[in-house]
Amino acid sequence: MPEQRSESFAIIKQLESEIGIAPGFLEGLLKDGDDWSFVIKVHAVAEAALTHLLTTTVGREELRDLFGSLPMGDSRRGRISVAAQLHLLDPRRVAFFRALGRIRNAFVHDIKNAGLRIEQYAASLAPNEQDRLWLDLMGGHTLEPIIIDFDGNEVPTKDFARAHPRFTIWISTLSALGLIYRATTLDESNRKRFFEELRDMKPLRGQSANRPR
């Protein structure tokens with residue numbers, strides 16, 4: 001497990017360098033600042049990573065500024081939508097980035113929300129929307145309906161996310177960024193096969209069997 005973690009952070013450090021952020025920035029995000037600044041910073045990293053993904057896989061460096069100018073979550077012309085239409089993101093990462101974007105927008109579009117905690121935002125949603133939020137946030141990292149928490153207990157995925165929202169976003173972000181880095185380092189034929197495999201993966205809420213209640 002420590003070896004896997006070291007390998008994951010080595011990949012993340014490579015991506016940090018490629019998208020132009022300071023080494024160790026992502027590792028430090030989990031501990032620094034409040035939820036409000038954490039969400040804004042993580043979302044900014046996601047924006048930069050998607051710009052890098054689109055630019056690299058299209059193979060047109062001159063389009064980097066164009067991709068970077070696209071809104072993130074617009075359903076027709078946002079970076080998430082463009083990446084999804086090009087089959088550069090699997091459905092569960094699309095769902096994760098959109099869930100992250102909803103929290104980010106709630107935090108930044110109303111100054112009264114400065115200092116708001118992630119669980120406070122979730123509590124403002126209808127119960128079914130809360131369930132969808134937690135599953136989408138955790139779905140960026142795992143599709144398992146039951147996972148092991150920090151105390152070694154088996155818990156439903158959405159319950160873990162509800163209890164540890166910041167860690168959930170952080171680990172899902174690292175997972176998504178690892179996927180993006182891997183995709184940008186493959187040659188064209190292997191990249192196509194890689195994304196074809198991802199295309200068959202579904203968001204957590206799309207699973208009915210053994211779905212946590």
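Miscellaneous remarks
Residue-wise test of (1) surrounded by fewer than 15 Cβ atoms within 10 Å (Cβ to Cβ); (2) out of contact with any Lys or Arg (no Cβ under 7 Å at 6 or more places or on another chain); (3) not aromatic (Phe, Trp, Tyr).
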position	(1), (2), (3)
Ala122	no, yes, yes
Pro127	yes, yes, yes
Leu135	no, no, yes
Thr142	no, yes, yes
Phe150	yes, yes, no
Glu154	yes, yes, yes
Asp159	no, yes, yes
Arg162	no, yes, yes
Pro165	no, yes, yes
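The rows are residues; the columns are (1) touching a residue at least 12 places away in the same chain (Cβ under 8 Å); (2) out of contact with any Pro (no Cβ under 7 Å at 6 or more places or on another chain); (3) in a helix (DSSP H, G or I).
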site	(1), (2), (3)
Glu129	no, yes, yes
Leu133	yes, yes, yes
His141	yes, yes, no
Glu144	yes, yes, no
Ala161	yes, yes, yes
Leu174	yes, yes, yes
Ile180	yes, yes, yes
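Listed here are the residues, each with its yes/no results for (1) in contact with a helix residue (DSSP H, G or I) (Cβ under 6 Å, 6 or more places away or on another chain); (2) within 25 Å of Asp187 (Cβ to Cβ).
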residue: Thr56; (1), (2): yes, yes
residue: Arg64; (1), (2): yes, yes
residue: Pro71; (1), (2): no, no
residue: Phe96; (1), (2): yes, no
residue: Gly101; (1), (2): no, no
residue: His109; (1), (2): no, no
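- Filtering the range 42-58 to residues that are in contact (Cβ under 8 Å) with a residue 40 or more places away in the chain and β-branched (Val, Ile, Thr) leaves Val42, Val45, Thr56, Thr57.
- Test: residue in the range 120-127 that is in contact with a His (Cβ under 9 Å, 6 or more places away or on another chain), small (Gly, Ala, Ser) and outside any loop (DSSP other than H, G, I, E, B): no
- For the range 146-156, filtering for residues that are part of a loop (DSSP other than H, G, I, E, B), over 25 Å from Gly178 (Cα atoms) and charged (D, E, K, R) leaves 1.
- Unmet criterion (only one of (1) farther than 30 Å from Ser17 by Cβ; (2) at pLDDT below 90) for Gly178: (1)
- Selected residue (criterion: modelled with the highest pLDDT) from residues of the range 24-59 that are within 30 Å of Ile111 (Cα to Cα) and not in a helix (DSSP H, G or I): Asp34
- Verdict on Glu47 being within 17 Å of Gly140 (Cβ to Cβ) and among the acidic types (Asp, Glu): yes
- Residue within the range 13-25 that is surrounded by 12 or more Cβ atoms within 10 Å (Cβ to Cβ) and under 30 Å from Glu129 (Cβ atoms) present: no
- Ile118 vs. criteria in contact with a Phe, Trp or Tyr (Cβ under 6 Å, 6 or more places away or on another chain), at negative phi and modelled with pLDDT of 95 or more: no
- Subset of the range 65-90 [within 13 Å of the chain's Cα centre (by Cα) and either touching a residue at least 60 places away in the same chain (Cβ under 8 Å) or part of a loop (DSSP other than H, G, I, E, B) (or both)]: Met72, Gly73, Leu89, Asp90
- Some residue of the range 67-88 being farther than 21 Å from Pro165 by Cβ, crowded, with 19+ Cβ neighbours inside 10 Å and β-branched (Val, Ile, Thr): yes
- When Glu62 is tested against (1) modelled with pLDDT of 85 or more; (2) surrounded by 11 or more Cβ atoms within 10 Å (Cβ to Cβ); (3) part of a helix (DSSP H, G or I); (4) more than 14 Å from the chain's Cα centre (by Cα), just one condition goes unmet, and that condition is (2).
- Scanning the range 86-115 for residues that are farther than 30 Å from Glu197 by Cβ and at pLDDT 90 or above gives Asn105, Ala106, Phe107, Val108.
The values are calculated or read from the model by the stated rules, or taken from the named source; none is laboratory data. Since the structure is predicted, the reported quantities are computational estimates derived from the model, not experimental observations. With ideal geometry, Cβ positions are generated from the backbone for all residues, glycine too; neighbour counts draw on all protein chains shown.
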